[in-house]
Amino acid sequence: MSATEREAAELREKSRMPDKAQLAHYYHQMLAIRRMEEALAKAYALRKFGGFLHLYIGQEAVAVGALATLKPEDYVIATYREHAHAYAKGMTAKSIIAELFGKATGCSQGLGGSMHLFDASKNFLGGYGIVGGHIPLAAGTAFASKYRGDGRVTLCFFGDGSVPQGAFHEGVALAALWRLPVVFICENNLYSMGTPLYRSLSVSDVSQKALAYGMARDRFDGEDVVRVHDRVAEAVRRARNESLPTLIEIRTYRFRGHSMSDAGLYRTKEEVEESKKRDPITFGRELLVRAKMDEKDIVAIEDKVTAEIEEAVKFADESPELAYERLAEFTYKE
């Protein structure tokens, strides 16, 4: 790259860089998600709760950057790896952790658990356990928005393992046919559970699936929260202003196994360590340093996050379970 090209690249970088307050907000959210997931992993190991636990560690910039493009009234639908999306949509760490602990103070009063977070007041319409099964639901939500003319956009997150599913193609086909205000975001972390990408997809570029439906597409790496925001923002603008869907593939990487029961032996230690060099948390902190934020202010964010998650775990520990007598309310109707 010549000096002139380098200067032009630096100018583009500077022109798109948010102010320190926005960068601090991104960093707080990403770090809170990381600390929350680490706290949940510890609690799971201590058998404070059971079932499945799918951690988002390593992918934080995707959820935070993408959801920062939305208005409060917009909808989000995600997979079973949805703790980060729920937090970025405005749900509290207290309500999320309490839900996983099976407590009455959880977002679904302890009845949903890790894979089924839901909060209608935040327009977070759920995590879903069936791979790809929620994608047509996102098309349906977007259809409702278009029918009502309410100007809302739906973001739908899914993994690369959803792409070979028929439900993915049904949802995307209808969104394109009916020109729905929805953005489909494939968080491609390169492994469908323990199956590498080359064993599950004949075409590794997921975004090319959009070509079959005449849909706009994009594809990029997801360690930079600012890049994620800017690229997703264009798709959200297209959905809101033109009622057109977009398929986005964001290349990312989970540092932990598929779930807590997965030792991740299908990946080499060297591969994981190489990916950690592109840690979105480290990159988010570097953005603050480059924006000339004082070290003490960065540490203050980190201390605030630590206190927030510790308080949330304490809250969940001390919260009561849903009374047995109330279970019938969610099973039977008079």
key: Estimated 222 nm signal from helices in the chain, with DSSP H stretches of n ≥ 4 weighted -39500 (n - 2.57), rounded to 500   = -14500 deg cm²/dmol
Count of lysine pairs in the range 186-334 with Cα separation under 27 Å (8 or more residues apart, or interchain) = 11
query = Which of the trypsin sites (Lys or Arg not before Pro) found in the range 238-321 are loop residues per DSSP with 12 or fewer other Cβ atoms within 10 Å of their Cβ?
reply = Lys277, Lys292
task = When a/c is below 1.5 the answer is rounded, else prolate if a/b is larger than b/c, else oblate, so apply that to the range 251-315 with a ≥ b ≥ c taken from the square roots of the Cα gyration tensor eigenvalues.
result = oblate
key: Under 14 Å, Cβ to Cβ, from Ile130 - net charge with Lys/Arg +1 and Asp/Glu -1   = -1
ask   = Can you list the GluC sites (Glu not before Pro) in the range 60-96 that are in a DSSP coil and have 13 or fewer other beta carbons within 10 angstrom?
value = Glu73
task = On a C-alpha basis, how far is the centre of the range 235-251 from the centre of the range 29-89 in Å? Whole number, if you could?
result = 22 Å
Loop-located trypsin sites (Lys or Arg not before Pro) in the range 44-104 whose Cβ has at most 11 other Cβ within 10 Å (DSSP) = Arg47
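Where a number appears in this text, it was derived from the coordinates with a stated rule and is not lab data. In this text the structure is predicted, and so the values were computed from the model without any measurement. Don't worry about glycine lacking a Cβ; one is built from the backbone with ideal geometry, like all the others, and counts go over all protein chains shown.
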